[in-house]
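Input: a single structure, listed below in structure tokens.
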Amino acid sequence: MAEITPRELLEQEEDTQKDRFLTFLIGNEFYGIEIRFVTEIIGIQAVTEVPDLPEYIRGIINLRGKIIPVMDVRLRFKKPFREYNDRTCIIVVDIKEVSIGLIVDSVSEVLTIPEQDIVEPPQMNKGFNNRYIKRIGKVGNDVKLILDCEKLLTDSEIDSVSNAI
Amino acid sequence: MSSQYINEPLLDMFIFESSQLIQQLEQDIIISERESYLSELAIDEIFRIMHTIKGSAAMMCFNNISTLTHSIEDLFYFLREENPQDIDYSTLCDLVLEVVDFIKVEIEKIKNGDDADGDASTLINANKDFLSRLKQFSPPSDTTETKSHISPDTQQIYISQNNGFAPHSANLFKTVIRFDEGCEMENVRAFNIIHNLKNITNEIRHIPENIVDSDAARTIQNDGFIIYLKTDCSYEEIHQHITRTAFIKDLELDQLSNNEQFGQFEGGVKIQESKGQGYKEQSNKGQTEKELQFTSAGQSIISVSVAKLDKLMDLTGEMVIAEAMVSQNSDLKGLELDNFHKAARQLHKITSEMQDVVMSIRMVSLSATFQKMHRIVRDMSKKLEKEVELKIIGEETEVDKNIIEHISDPLMHLVRNSIDHGLESLEDRRATGKMLAGTVTLEAKNAGSDVLIIVRDDGKGLNKEKILARARDNGILHKDESDMTDREVYNILFLPGFSTKESITEFSGRGVGMDVVTKNIEAVGGSVSVDSLERVGTTVIMKIPITLAIIDGMNISVGNSRYTIPTTSIRESFRPQEADIIRDPDNNEMIMVRGQCYPLLRLHEIYDVKTDITKFSDGILVMVEQDDKIVCIFADELLGQQQVVVKSLPSYIRNERKIGGLSGCTLLGDGSISLILDISGLADFTGKDIKN
């Protein structure tokens, strides 16, 4: 059979997405996020506040009829809040079938970072940021911090537990 | 045909079909039991159901189910053929129901992705015992044995194809096999035959060629199953071999004189097939009558996955919003557009009609849910030795599919409670001069945008004193006893913490997990109330909305945020005088309206919204009522009334934390999001400092 099975298709798709990262800026740092998680990038829009949520979840937005929560990555990293401007973007990511928008200072570009240029982050005992950084990519002289998306979404429980201790 | 073919859709189909059949079987049995007579029709029906399940279970390799159903099938085969007299119906029904339960459990396991590993041997033995006892009373004839050995044949599927026959085969045969009508899964049976024949033949060809395909079943049904085979065996041997298979209606076995026809077939499978199709058309004509009967028997119904309906529902909701966005677009303000408005009105008409239709698709009648209760009534009355009659009224009432799922458990609970605690024992009933058989009535009816589901029994009713005593003991009385109306006393039953395990026996009234009932019903936006008269009976009324998906809502604004209040819970809205506001020492605010005092809720405080309007005289108060709890909500202004499509909050937020007082969100005409207030949740805020 000459048909392409869904598995092969998936593999092909994964192949084109392999090693590709969407990079964005928060403050002065470049962060990277695996392209397979990204659904789309939209400009900042009116966010409806939802009460009683952690500060870094700004609320919900209407994405063509689909209601998704938005998280301010700045606040998630415990950096000071910065007013949104026309450079501010929402990166809509789809992680484990949960859609969420990530508010970032600005989106930079899509980069290919080959496997050999990605290294494990240095072991540091201090610094809470480290938790969300999966690995570090080297591009020329620059360094891109590659985010662990799953942790970004699910870490709040661990957060609260460690705070309690 | 090995396990690699057993894929998800097939499994889904198996689960769906089997559970439907099982439900049907359960009903049949219960009806038969009530009449303590098994009609021929019922026996046939049960036999057929068991047979179908057996077949499909064997196909899916769930051996325990197939062997179990096989034993029941044997039993009913005997009943059908021998028609023995004086059967012990209640034992028989017990047996079948046990089998039903077993299969249900297994199907549940399969559904959850576990192995169907239940051990059916005790049940099978019980069935066999029963059968042999029956046989003792009426000696069996030979016919019982011949046909009922199907599963041994099915087990032979995995026999190696290689055999030691010489290549020069003497005999060529053409066979046309027709199966009994309604024996189901012709293709699997055909496969079986081919497999069995492979051991004794050298070459074998068949039409239709691909019998794994599900279409093949229909082709075989219509055209018969045609096999060409080359073998060393004699005519008799082949004939015997094929007739061993079950459910063969007739068999044409011709010996072909030479290789010609066989060769022709080899060369021209395609031609033969097209011929076969012509034949099919012919036979179709002959069968039109039968098929007509089929269609009239309700084949115009298709089953659609709920996910697709949900999607359709979502899209329709989008369309309603999009329509509002277009027709109320702010760009149109102040323009004279007669033709546009005409067109917009037409669009509005169509969208609202479409919305109605989509809603109606999701409506399911309550009858399946109600019918399930027969089984519970039967089991309970046997166990408790009470005579109970179940009356069902208005089972054709329709509610949204999502809601049905939520009321099935509470209903079961209420019926159980009615029988267990409501109805008196036989002696008591005799003593009070009531009919010996107690009655439990299930009633459903429409009331506006709600459906009332009523569970009524003619038992001893609730005992107020005992309820109060119990409530006192548990420390859940918040009011002075003398102040409480009967209704309030009865509603104590639904408070969490009222029911304890001990109360089942020592307590005359109810209260076993009634708070669970309330919780379930409240989850779908309904309410439960109870009324009772001592010695006459108890009535529990569940009030549930017909649908959850679209509600009438009043939009209000607080600062930049929008909120939607379900219109049904709004009593009135008004602008208060500062003088009517009362503050207690804890700084709780209240308002006096027509001599009644109501708590006040400042939305901007609860939800921490920035707004300029904090003085009551600048904003507006909306008085809302839910489950006899009344609060006044303070908002900046009313924005207007609108039908809104309810959407749940994103799962990420729901997982993060449960937000009090919000039941979901919706999109407004301008595309902005409004949060839907949950009134009963909001009412819980009153009197509490929510910051803690």
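Rounded, prolate or oblate: which fits the stretch B:552-622 when a ≥ b ≥ c are the square roots of the eigenvalues of the alpha-carbon gyration tensor, with rounded for a/c under 1.5 and prolate only if a/b beats b/c? Judged from the Cα gyration tensor, the stretch B:552-622 comes out oblate (a/c at least 1.5, b/c at or above a/b). Applying 1/(1 + (r/R0)^6) with r as the Cβ-Cβ distance of B:K104 and B:I361 and R0 = 25 angstrom yields a FRET efficiency of 0.35. A cut-off of 5 Å between modelled amide H atoms, ignoring neighbours fewer than 5 places along the same chain, links A:I44 with A:I90.
Within the set B:K464/B:K519; B:K54/B:K308; B:K615/B:K647; B:K372/B:K466; B:K401/B:K519; A:K66/B:K109, which residue pairs have Cα atoms separated by over 27 Å?
Going by Cα-Cα distance, B:K54/B:K308; B:K615/B:K647; B:K372/B:K466; A:K66/B:K109 fall outside the 27 Å limit.
Computed log10 I(q)/I(0) for the stretch B:364-545 at 0.11, 0.12, 0.14 Å⁻¹: -0.46, -0.55, -0.75, from the Debye equation with unit scatterers placed on every C-alpha and solvent omitted.
Remark: relative contact order (the stretch A:20-164) = 26 percent; criterion is Cα-Cα distance under 8 angstrom and separation of 6 or more residues. Here the calculated FRET efficiency for B:I31 and B:K311, from their Cβ-Cβ distance with R0 = 35 Å, stands at 0.40, rounded to the nearest 0.05. Neighbour counts of C-beta atoms inside 10 Å place B:V516, B:V644, B:V358 in the sequence B:V516, B:V358, B:V644, starting with the fewest. Maximal additional length on extending the B:S19-B:D44 stretch stands at 7.1 nm, based on 0.36 nm per residue less the C-alpha distance. At the listed q of 0.09, 0.15, 0.19 Å⁻¹, the Debye profile of the stretch B:550-683, built from one uniform point per Cα, gives log10 I(q)/I(0) equal to -0.26, -0.71, -1.13.
How do B:E336, B:E33, A:E40, B:E395 line up, fewest other C-beta atoms within 10 Å first? It would help to have the intermediate numbers written out before the result.
On the way: B:E336 6, B:E33 20, A:E40 12, B:E395 15.
The most exposed by this proxy come first: B:E336, A:E40, B:E395, B:E33.
What ranking of B:V326, A:V110, A:V47 emerges when the number of other C-beta atoms within 10 Å of each C-beta is taken as an exposure proxy, fewest first? Walk me through the numbers before you get to the answer.
Details: B:V326 15, A:V110 12, A:V47 21.
Fewest-to-most ranking of B:V326, A:V110, A:V47: A:V110, B:V326, A:V47.
If the segment from B:D409 to B:S352 were pulled out straight at 0.36 nm per residue, it would be longer than the present Cα-Cα gap by 17.2 nm. Each label was represented as a point 7 Å from its Cα along the Cα-to-Cβ direction; for B:R472 and B:L384 these points are 2.8 nm apart.
Considering only DSSP beta bridges with both partners in the stretch B:364-545, what is the antiparallel share in %, to the nearest 5? Mind showing how you got there, number by number?
Details: 25 of 31 bridges.
That works out to approximately 80 percent antiparallel.
Per-residue extension of 0.36 nm, minus the Cα-Cα distance of B:S330 and B:M435, leaves a gain of 30.9 nm for this segment. The 3J(HN,Hα) values that the Karplus relation (6.51, -1.76, 1.60; θ = phi - 60°) gives for the stretch A:51-63 are, in residue order, x, 6, 10, x, 4, 6, 8, 6, x, 10, 10, 9, 9 Hz. Gly and Pro appear as x. Spacing of the modelled spin labels on B:R487 and B:D428, each 7 Å from Cα toward Cβ, amounts to 2.7 nm.
No lab work stands behind these numbers, since they all come straight from the coordinates. Please read all numbers here as calculations on a predicted model, not as lab measurements. Here the Cβ is made from the backbone with ideal geometry for all residues, glycine too, and neighbour counts use every protein chain on show.
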